[in-house]
Amino acid sequence: MDVHSILNGKWDFRVEHRGISIYSSKVEGSDVLGFKGVAEIPAGFRKLISLFHDTSSYGRWVHHLTEMEVLERNDSLEYVVRQVIDTPWPLQKREMIVRTGLEPAGENAVAVTMTGVPEFIPLNPAYSRVKEVQGLWVFAPSGPDAIHLTFVMHVDPGPDVPSAVSNQAMFEVPFYSMDNLRKLAGDRSYNPPYPEEVDRHLCII
């Protein structure tokens with residue numbers, strides 16, 4: 001994934017609320033817009049990395065997440081996860097199978113990348129499998145205990161969801177997820193374990 005190209009593409013400012021700025025961008029071959037959310041998070045690198053590896057707590061901050069399951073993990077910091085996102089009746093819940101990775105993203109920045117792998121497990125008729133998923137989270141230090149966080153995502157939920165509905169929901173997903181994440185990261189009582197294997201691949205200060 002070309003992190004630099006994604007971050008520096010053409011993004012149109014849409015709205016700012018509670019310190020979270022939301023942008024949108026057209027995606028070639030899709031009527032569903034991509035989104036970018038930007039916010040300051042009161043946490044250091046290590047706590048944010050720990051939070052992202054604490055998959056058991058994703059339900060506390062990922063917007064409308066109802067199920068989370070790690071299907072595969074390896075020592076190169078790659079995970080394959082299964083996520084189920086709630087949708088309004090009468091639509092089926094959306095099931096996403098996503099491969100994540102951790103990599104440098106420029107000077108002192110780190111990116112968590114996300115790529116859909118919809119064929120990784122057999123289809124489950126109880127859910128609508130999302131076939132197009134691409135995104136990333138980028139952490140860049142902005143102070144001793146603060147991170148400039150960027151969240152970029154493009155998800156096409158499927159032909160049964162009109163693009164206008166998907167594009168309207170585009171504003172909710174980054175805002176509520178980033179707002180919840182910011183609260184959790186700033187909670188001093190929340191101290192997820194730091195994944196020591198990260199230090200074999202990245203230098204996190």
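Which number gives the lysine pairs in the stretch 1-106 that have C-alpha atoms under 29 Å apart and are eight or more places apart or on different chains?
Details: Lys10/Lys26; Lys10/Lys36; Lys26/Lys36; Lys26/Lys93; Lys36/Lys47; Lys36/Lys93.
The number of close lysine pairs in the stretch 1-106 is 6.
Per residue, how much accessible surface does the stretch 33-90 expose to a 1.4 Å probe? Answer in Å², no decimals.
Numbers: 2610 Å² over 58 residues.
So the stretch 33-90 comes to 45 Å² accessible per residue, rounded to a whole number.
Quick one: go through the stretch 92-128 and flag any residue whose amide nitrogen is under 17 Å from the point 7 Å out along the Cα-to-Cβ line of Ala164.
Of the residues in the stretch 92-128, none has backbone N under 17 Å from the label point off Ala164.
Which of these values of log10 I(q)/I(0) by the Debye sum over Cα atoms at q = 0.11, 0.18, 0.19 Å⁻¹ was calculated from the structure shown: (1) -0.58, -1.39, -1.49; (2) -0.59, -1.19, -1.28; (3) -0.50, -1.46, -1.63?
Correct label is (3).
How far, in degrees from 0 to 90, does helix 172-185 lean away from the longest principal axis of the Cα atoms of the chain, to the nearest 10?
Helix 172-185 sits roughly 30 degrees off the main axis of the chain.
With every protein chain kept in place and ligands, DNA and RNA left out, what is the accessible area per residue of the stretch 101-185? Probe 1.4 Å, answer in Å². All intermediate terms of the calculation are to be shown ahead of the outcome.
On the way: 3950 Å² over 85 residues.
That works out to 46 Å² per residue.
In whole percent, and with a 1.4 Å probe on the protein chains, what portion of the accessible area of the stretch 1-139 is carbon and sulfur? Present the calculation step by step, with values, prior to reporting the outcome.
Details: 3630 of 7180 Å².
Carbon plus sulfur share of accessible area: 51 percent.
Just to confirm a number: summing +1 for Lys and Arg and -1 for Asp and Glu over residues other than Ile97 whose beta-carbon lies under 15 angstrom from that of Ile97, what do you get? Mind dumping the intermediate values first?
Numbers: positive: Arg73, Arg82, Lys93, Arg94, Arg99, Arg129, Lys131; negative: Glu67, Glu69, Glu72, Glu78, Glu95, Glu119, Glu132, Asp156.
Taking every other residue near Ile97 into account, the sum is -1.
The values are calculated or read from the model by the stated rules, or taken from the named source; none is laboratory data. Please read all numbers here as calculations on a predicted model, not as lab measurements. Counting neighbours? That spans all protein chains shown, and the Cβs are built from the backbone with ideal geometry, glycine included. Calculation scope for accessible area: heavy atoms of the full protein, side chains included, ligands and nucleic acids excluded. Shrake-Rupley method; radii C 1.70, N 1.55, O 1.52, S 1.80 Å.
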